[in-house]
Amino acid sequence: MHVHFLDPYRPRTSPIHALDPRVKFVLTLAYILTAALTPIAAWPVYILLLAAMLSVEILSSLGVRYVLKRASLALPFVLAAFPVIFTNGQTALFSFSIGSLTLTGYAEGLARFLSVALKSWLSVQAAIVLASSTPFPDLLQAMRAIRIPRLLVAMFGLMWRYLFVLVDEAMRLMRARAARSGHRAATGPSPRLRAGSRSGGSVAWRARVAGGMAGSLFLRAFERSDRIYMAMAARGYDGEVRALPLSSVKPAAWLALGSGLGMLFLLLLLGVLFWG
Amino acid sequence: MHHSIEVDHLSFSYPDSHAALRDVSLRISPGEKVALAGPNGAGKSTLILHLNGILKGDGQVTVCGLPVEQKNLGRVRAAVGLVFQNPDDQLFSPTVFDDVAFGPLYQGLPPAEVERRVTSALAAVRMSDYARRVSHHLSTGEKKRIAIATVLSMEPEILVLDEPTAGLDPRARRALINLLRGLPLTMLVSSHDLAMARELLPRMVVMDEGRIVADGPTQELLGDEKLLEAHGLEKP
Ligand SMILES: Nc1ncnc2c1ncn2[C@@H]1O[C@H](COP(=O)(O)OP(=O)(O)OP(=O)(O)O)[C@@H](O)[C@H]1O
Ligand SMILES: [Mg+2]
């Protein structure tokens, strides 16, 4: 049994997919940084950032709808910034009272909230495009290239590898339970027997079964980690993380990196100069 | 170096004090191909894990003339290629290529040589097209073959395989047998596939309840129905 839906990578042939993963990774980080540093209420800059993002989405042939649908999953978290509307600014916009509590919404607060929401929405889109257009092993290479500690990168790699195995195992356990949770036919041999046997068992019993399954999953993961370490040791692992040297970045990729970074820098400058 | 395996009076208990090996002694000469048979829980996998120092019991294990102990572990592990029973444990890297390159990389080989080893190991198990694939999307049989490639790339002198044919289709099994026959290595193969043992491995060691209960030519042992029946085996 394979779990594919966890893997965000969508193979397509597009210039974005073909771009050097290291360049993509750095540009994505730079984009998120730019979005974060752009001053509050610099609406034209946000619109330019959004335009850049949309063109990348169209170029990647992932489809704008696909990316926007996924990005909407992050919106509930933005609500954490909701209170700034009421705590921030002088220009009262509206006010209402709940019982003895009076809440006043301010224009500055509202602008701040909308800015935060937009920024996070843009950043999430950038991350989605990166993850959907780059196979995870390539992302790991990119992390290595920008000098994220090797041990950390190796841990990401192992986590990603065994997340699937663990989910597979959980699904196998649940399937095994489902396969053995039959219902008795409604027409039993005697009415008394029928009344006394409710299929599925009591809630406490079901909870015990679920608890046992969780425990068994934990034990399996724990023992597996032991065996993986054995397999690594058997092939010479000595606690140090080693890898083959990375190939060099091609001139075209350097060009993409330079122009991308330059554009983001200009946008940031624009925002800071006029709205900062 | 002489590519031999010597096990002297080895006993081992798991931490839950279950005795898995009881006074096991075994000698395998260079170039010999030996089958390790026995019912489930006989201790085959446990014995195999001792051969490159992953488990340490009471007694002496010597591989290629090197006692298996802390200061020799690096050389012992380079000399013994160990394929685990479950390929999901063996394939821990993000891609097939990374996994096959792991052993050579830790032997400290130069990058060009690592690439060459990976290419030839994948060719040997006929999985050359899979280098860039991601291991968890492979089928069991494919994983098994990659697992074997991960040790072939280390160019070991001794090959130790734990149930290599379990889960393989007849064609993959046949290819594996042909592959193993062509390798001039010392081999210890734990298996329930006695037909393969008869074909490929001239000597057989039978284990049961942590002890070695028989050791001799495969043909002869497979003819001894009483022995086979006593230890839960079946004539192929
Ligand atoms: N990690 C462990 N902890 C405790 N006991 C274990 C552990 N691994 C194996 N055992 C026990 O040690 C004994 C030998 O197990 P081993 O895995 O060596 O058997 P095997 O001969 O390889 O069997 P199979 O043919 O099923 O692979 C078994 O009784 C098993 O229950
Ligand atoms: Mg076993």
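Just to be sure, is B:LEU49 over 19 Å from B:VAL213 (Cα atoms), assigned to a helix (DSSP H, G or I) and not small (Gly, Ala, Ser)? So B:LEU49 passes the test. Considering only residues that are surrounded by 15 or more Cβ atoms within 10 Å (Cβ to Cβ) and either within 11 Å of chain A (Cβ to nearest Cβ) or out of contact with any Lys or Arg (no Cβ under 8 Å at 6 or more places or on another chain) (or both), which ones fall in the stretch B:121-139? Correct list: B:ALA121, B:LEU122, B:ALA124, B:TYR130, B:ALA131, B:ARG133, B:VAL134, B:SER135, B:HIS136, B:LEU138. Consider B:ASP99 carefully, then state whether it is of a type in the set (Asp, Glu), closer than 19 Å to B:ALA166 by Cα and either within 10 Å of chain A (Cβ to nearest Cβ) or within 17 Å of the chain's Cα centre (by Cα) (or both). Considered against the rule, which asks whether it is of a type in the set (Asp, Glu), closer than 19 Å to B:ALA166 by Cα and either within 10 Å of chain A (Cβ to nearest Cβ) or within 17 Å of the chain's Cα centre (by Cα) (or both), B:ASP99 comes out as no. The set of residues in the stretch B:16-42 that are in contact with a helix residue (DSSP H, G or I) (Cβ under 7 Å, 6 or more places away or on another chain) and at negative phi comprises B:ALA20, B:LEU21, B:VAL24, B:LYS33, B:ALA35, B:LEU36, B:ALA37. So, in the stretch A:226-274, of the ones that are surrounded by fewer than 13 Cβ atoms within 10 Å (Cβ to Cβ) and within 14 Å of chain B (Cβ to nearest Cβ), which residue ends up farthest from ligand 1 (Cβ to nearest atom)? By that ranking, first place goes to A:SER248.
Screening the candidates B:GLY81, B:GLY59 for the property of being in a strand (DSSP E or B) and touching a His at 6+ places or on another chain (Cβ under 8 Å) yields one hit, B:GLY59. Within the stretch A:113-153, being under 17 Å from A:SER55 (Cα atoms) and polar (S, T, N, Q) holds for A:SER123, A:GLN125, A:SER132, A:SER133.
Does the stretch B:76-87 contain at least one residue that is closer than 27 Å to B:ALA195 by Cβ and more than 14 Å from ligand 2 (Cβ to nearest atom)? Yes. Within the bounds of the stretch B:55-76, is there any residue that is within 14 Å of chain A (Cβ to nearest Cβ) and within 10 Å of ligand 1 (Cβ to nearest atom)? Within the stretch B:55-76, one or more residues are within 14 Å of chain A (Cβ to nearest Cβ) and within 10 Å of ligand 1 (Cβ to nearest atom). Against the numbered list (1) within 8 Å of ligand 1 (Cβ to nearest atom); (2) outside any strand (DSSP E or B); (3) at pLDDT 90 or above, B:PRO30 comes up short only at (1).
The values are calculated or read from the model by the stated rules, or taken from the named source; none is laboratory data. It should be emphasised that the depicted structure is a prediction, and the values quoted were computed from it without experimental measurement. Every residue, glycine as well, gets a Cβ built from its backbone with ideal geometry; the counts of neighbours run over all protein chains shown.
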